[in-house]
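As structure tokens, the structure follows; a few thoughts come after it.
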Amino acid sequence: MRTAGAALSALSLVGVAALAGCSSGGSGDGVSRNAPAASSPSVSPSPSAPAGSGWNPSPGSVAAVGDSITRGFDACSVLADCPEVSWATGSDSLVRSLAVRLLGASKAADRSWNHAVSGARMVQLPEQMALAAKERPELVTVMMGANDACRDSVRLMTPVADFRASFEASMRQLRAGAPEAQVYVSSVPDLKRLWSTGRLNETGKKIWELGICQSMLADADDLGPAAVARRDAVQDRVVAYNEVLRDVCAKDRHCRYDGGAVFGFRFTGAQLSQWDWFHPSRDGQARLAEIAYRNITAAEPPA
């Protein structure tokens, strides 16, 4: 999801970067230790867990794993992570990340960790899970899979069996170090819907030509049979990935899948990055935080 670095950097020099709305940051070790927001937003009250449910809707700490979406890539400035606007652990007062909504801004600064890596695929999730387990979090958020479908060609997409094996290994890795941690698993976003929304912007299409998610976004205006079949193949693979996430999560008593909520969310142009028209913008990150908070604090898991 970040393969066109040199060309996109050049594009930024002729005016795109002037749109930057916030600066990227993070700790030197690559893990976001979220600084408190300038003004602490109010925290929505969390309901109590129903008796016997086994799910705590008010976890006291959050660790995030995943890819560029969870790192806030291209949300603040071109070709840069911006973990402070991350839907999962960010400190930005307008996004109101999941951690801030659950813990409040001051506690979130000390009790949330972002181990996501831009460009990561599912095969790299076990390593991230091992890092998350060391924090002994009460909740781990997972958003992974877009890069497995976003390849230079359909042929290079991660096979479904390999995707499943890596996710199962990731859950085992987490359980080895944090057996009681709750896990919230986000569905993979609908890449075809992102294509249909972003292709309405001429600047976005020019940026896509530089190499972003070519399995879906190549030749954005081509509606011929071959292009349609290619996009449908990517869509089918994303649907299959989400089925894997749902099935593997269902086998773990402390895991809750979002029921396809992120896949079903209709991102608008305002909710996509103004630098690549593909990653979530600051507003898009806020919508992901809302979805996660709603599902985690619900008395029952999504259908």
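The values are calculated or read from the model by the stated rules, or taken from the named source; none is laboratory data. The structure presented is a predicted model; accordingly, all values stated were derived computationally and were not measured. Here Cβ is always computed from backbone atoms with ideal geometry, including for glycine, and neighbour counts include all displayed protein chains. Each accessible area value is taken on the protein alone, full model and side chains, heavy atoms only, with ligands, DNA and RNA left out. Shrake-Rupley method; radii C 1.70, N 1.55, O 1.52, S 1.80 Å.
Structural remarks
- Filtered residues of region 152-175 (kept if of a type outside the set (D, E, K, R) and free of Cβ contacts under 8 Å to residues at least 12 places away in the same chain): 159, 161, 165
- Residues in region 36-75 that are modelled with pLDDT of 95 or more and in contact with a Cys (Cβ under 9 Å, 6 or more places away or on another chain) were compared, and the one that is surrounded by the most Cβ atoms within 10 Å (Cβ to Cβ) is 72.
- The single residue among 181, 227 that is touching a residue at least 60 places away in the same chain (Cβ under 8 Å), over 20 Å from residue 68 (Cα atoms) and small (Gly, Ala, Ser) turns out to be 181.
- Single residue of 156, 131, 174 found to be modelled with pLDDT of 95 or more and open to solvent by less than 30 Å² (accessible area, probe 1.4 Å): 174
- Here is the figure for region 76-96: residues that are assigned to a loop (DSSP other than H, G, I, E, B) and open to solvent by 10 Å² or more (accessible area, probe 1.4 Å) total 10.
- Considered as a group, the residues in region 243-280 that are open to solvent by 30 Å² or more (accessible area, probe 1.4 Å) and among the acidic types (Asp, Glu) include one that is farthest from residue 67 (Cα to Cα), and that residue is 247.
- Search result, residues across region 97-125 that are part of a helix (DSSP H, G or I) and open to solvent by less than 30 Å² (accessible area, probe 1.4 Å): 98, 99, 100, 101, 102, 103, 105, 108, 109, 122, 125
- Breaking point among (1) in contact (Cβ under 8 Å) with a residue 40 or more places away in the chain; (2) within 24 Å of residue 90 (Cβ to Cβ); (3) open to solvent by 60 Å² or more (accessible area, probe 1.4 Å), for residue 301: (2)
- Index of the failed condition, residue 235 passing every other in (1) out of contact with any helix residue (DSSP H, G or I) (no Cβ under 7 Å at 6 or more places or on another chain); (2) in contact (Cβ under 8 Å) with a residue 24 or more places away in the chain: (1)
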